[in-house]
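Inspection log for the structure reproduced underneath, given as structure tokens.
The values are calculated or read from the model by the stated rules, or taken from the named source; none is laboratory data. Fair warning: this is a prediction, and the values are worked out from it, not measured in the lab. Counting neighbours? That spans all protein chains shown, and the Cβs are built from the backbone with ideal geometry, glycine included.
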Amino acid sequence: MKLLQLKTTLHQFDDCADFAKEFDIGAEDLILTNEFIYQPHFGALGLGADVLYQEKYGAGEPSDEMAEAIHANMKGNYRRIIAIGGGTVIDLAKIFALKNVLPVADLFDRKLDIVKDKGLVLVPTTCGTGSEVTNISILELKDRHVKLGLAVDELYADAAVLIPRLAEGLPFRFFAASSIDALIHAVESSVSPKANVYTKLFGHRAVRMIVAGYREIAEKGPEARLPLLGDFLVASNFAGAAFGNAGAGAVHAMSYPLGGKYHVAHGEANYALFNKVFERYLAQKRDGAIAEIGTVLADALACDLVDAFRDLEKLLAEILVRKPLREYGVTREDLRIFTDNVMTRQGRLMANNFVPLDTADVMAIYEELY
């Protein structure tokens, strides 16, 4: 049984120029990024690489339409794809490292041969996805109004680069949503049936680091995050290693219909589902892996085990207010459609649940959050 797979070389730099020099970025590279990130940090370096700004091709979560529009403007044969950005940029860049990309829907339906023919360097600028060390790309297929994941080893990056100063300009709300996403990666993967001593090593450590950071932010205010960004980036990376191997479960599965139809940011959509999914788990079983992660939380929160998930919910509310589903525009009819989507299309993720959840469980969770 395979326990852990990490195929990506990790790097960290204090300065963007040092990164550019060591990686010898030049004319054979394509940089996919955002202008508000690239210009202040890399614009004066004269790198010579082709640069495409993701926001020129659409806003929000990554989609097949966005990917195809960007692909149309890619010139020639690149040596490497270098992504500098958040989850949208990174998920798009992963598929551009492949030889066969179009049509994107066929790629995600596994109708195209999956061959990696370019190097891939991923530089995260948020503290959440951990995608720089996973083999997963998640896109919305617009015609189907659904988010799907492609998980193949060809999507592993050759190098992941952590540069904490790139996250300094991230508005607090986006920092909060992305780092909560990392926390959920760590917690979900820790209770997955695929979890093992190695994935828990990463997941439990990520939980401790993120909760410690949140407690300091709750005490001192949003600006307290700035000296902690390096820790949050590392914690996100740890969580990515954990869930990239052990998998995420119902929280992610149930968030995808919300993100697909109402374009709710991935981390915020996960946050909307997190507490109720774990309440449902705990109602069925309180020992085993959920007690292990509860003990980690209790220690990090300085509370009793019985209060761990409740006190975590209170702490998260100080970082980001959780909204009911109806505030995103969700209707009661959507709840039935979302439930059907989860039960028929998200089997890969639902197989990672701590305890089985059936159609009635999923519908009840959505109704409780409505």
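Of everything in the range 138-148 that is touching a Phe, Trp or Tyr at 6+ places or on another chain (Cβ under 8 Å) and at pLDDT below 90, the residue that is surrounded by the most Cβ atoms within 10 Å (Cβ to Cβ) is Lys147.
Restricting Gly249, Gly260, Gly244 to those that are in contact with a Gly (Cβ under 8 Å, 6 or more places away or on another chain), crowded, with 20+ Cβ neighbours inside 10 Å and not polar (S, T, N, Q) reduces the list to Gly244.
Could you please let me know if Arg215 is within 30 Å of Met1 (Cα to Cα) and not assigned by TED's automatic domain parsing to the domain that holds Ser131?
no
Looking only at residues that are free of Cβ contacts under 8 Å to residues at least 60 places away in the same chain and assigned to a helix (DSSP H, G or I) in the range 353-370, which one is surrounded by the most Cβ atoms within 10 Å (Cβ to Cβ)? So the residue we want is Met363. The combined condition, being free of Cβ contacts under 8 Å to residues at least 24 places away in the same chain and of a type in the set (A, V, I, L, M, F, W, C), is fulfilled by Ala283. Beta carbons closer than 6 Å, at least 6 apart along the sequence or on distinct chains, pair a first residue in the range 57-79 that is at positive phi with a second that is of a type in the set (A, V, I, L, M, F, W, C) for Gly58/Met66. Residues in the range 337-352 that are under 25 Å from Ala289 (Cα atoms), crowded, with 21+ Cβ neighbours inside 10 Å and in contact with a Ser or Thr (Cβ under 8 Å, 6 or more places away or on another chain): 1 in all. Check whether at least one residue in the range 271-291 is touching a Leu at 6+ places or on another chain (Cβ under 8 Å), among the small types (Gly, Ala, Ser) and in the same structural domain as Ala218 (by TED's automatic domain parsing), and report yes or no. Yes, there is a match, as at least one residue in the range 271-291 is touching a Leu at 6+ places or on another chain (Cβ under 8 Å), among the small types (Gly, Ala, Ser) and in the same structural domain as Ala218 (by TED's automatic domain parsing).
Rundown of residues vs (1) surrounded by fewer than 22 Cβ atoms within 10 Å (Cβ to Cβ); (2) within 27 Å of Glu140 (Cα to Cα); (3) acidic (Asp, Glu), yes/no style:
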{"position": "Phe202", "(1), (2), (3)": "no, no, no"}
{"position": "Val207", "(1), (2), (3)": "no, no, no"}
{"position": "Leu229", "(1), (2), (3)": "yes, no, no"}
{"position": "Ala235", "(1), (2), (3)": "no, yes, no"}
{"position": "Ala269", "(1), (2), (3)": "no, yes, no"}
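Cβ separations smaller than 8 Å between residues 6+ apart or across chains give the following pairs from the range 304-324 residues that are assigned by TED's automatic domain parsing to the domain that holds Tyr271 to residues that are of a type outside the set (D, E, K, R) and outside any helix (DSSP H, G or I): Asp311/Cys303; Pro324/Tyr370. Cβ separations smaller than 8 Å between residues 6+ apart or across chains give the following pairs from the range 6-24 residues that are more than 19 Å from Asp231 (Cα to Cα) and free of Cβ contacts under 8 Å to residues at least 24 places away in the same chain to residues that are buried (at least 19 other Cβ atoms within 10 Å of the Cβ) and not basic (Lys, Arg): Glu22/Phe13. Can you find even one residue in the range 143-152 that is of a type in the set (Gly, Ala, Ser) and touching a residue at least 60 places away in the same chain (Cβ under 8 Å)? Checking the range 143-152: at least one residue is of a type in the set (Gly, Ala, Ser) and touching a residue at least 60 places away in the same chain (Cβ under 8 Å). Scanning the range 111-134 for residues that are free of Cβ contacts under 8 Å to residues at least 40 places away in the same chain and of a type in the set (Lys, Arg) yields a total of 2.
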